[in-house]
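The next block holds one structure in the form of structure tokens; read it before the comments.
Every number in this text was worked out from the coordinates using simple rules, so none of it is lab data. All of these numbers come straight from a predicted model, not from anything done at the bench.
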Amino acid sequence: MNQDRLNMREPVPESASATNVLSDVVRRRREDLGLRQTEVADLAGCSPRFVHTLEHGKPTVRLDKVLDVLEVLGLDLMVGPGRGRIRKVTGSLPGSRSDGGS
């Protein structure tokens, strides 16, 4: 995989909320890994309901639990200087079905 692709940032439409972006990324990554919500919940030490709620964009979720789910999925939450906009990394992630990994 081309590492430069992971360093590119894709702007998200201003109409998209942070929770919608996060929920979409979490759901897609879980699906790419071939995991069920219950499996992610077991691995993250949270309830399947929490994973479902996170994937459906609830605007108030516990950050510690979100970070546990992201760790299980091999995702990082990155914060840096900017203008308060949501951006997501483009390209496939290692281990996803789209990059040919396991």
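Taking 0.36 nm per residue of separation and subtracting the Cα-Cα distance, full extension of the segment from GLU71 to THR19 would add 17.0 nm. Extension gain for the segment GLU31 to MET78, taken as residue separation times 0.36 nm less the Cα-Cα distance, is 14.8 nm to one decimal. Each Cα pair under 8 Å and six or more residues apart adds its separation to the average, and for segment 16-76 the resulting relative contact order is 39 percent.
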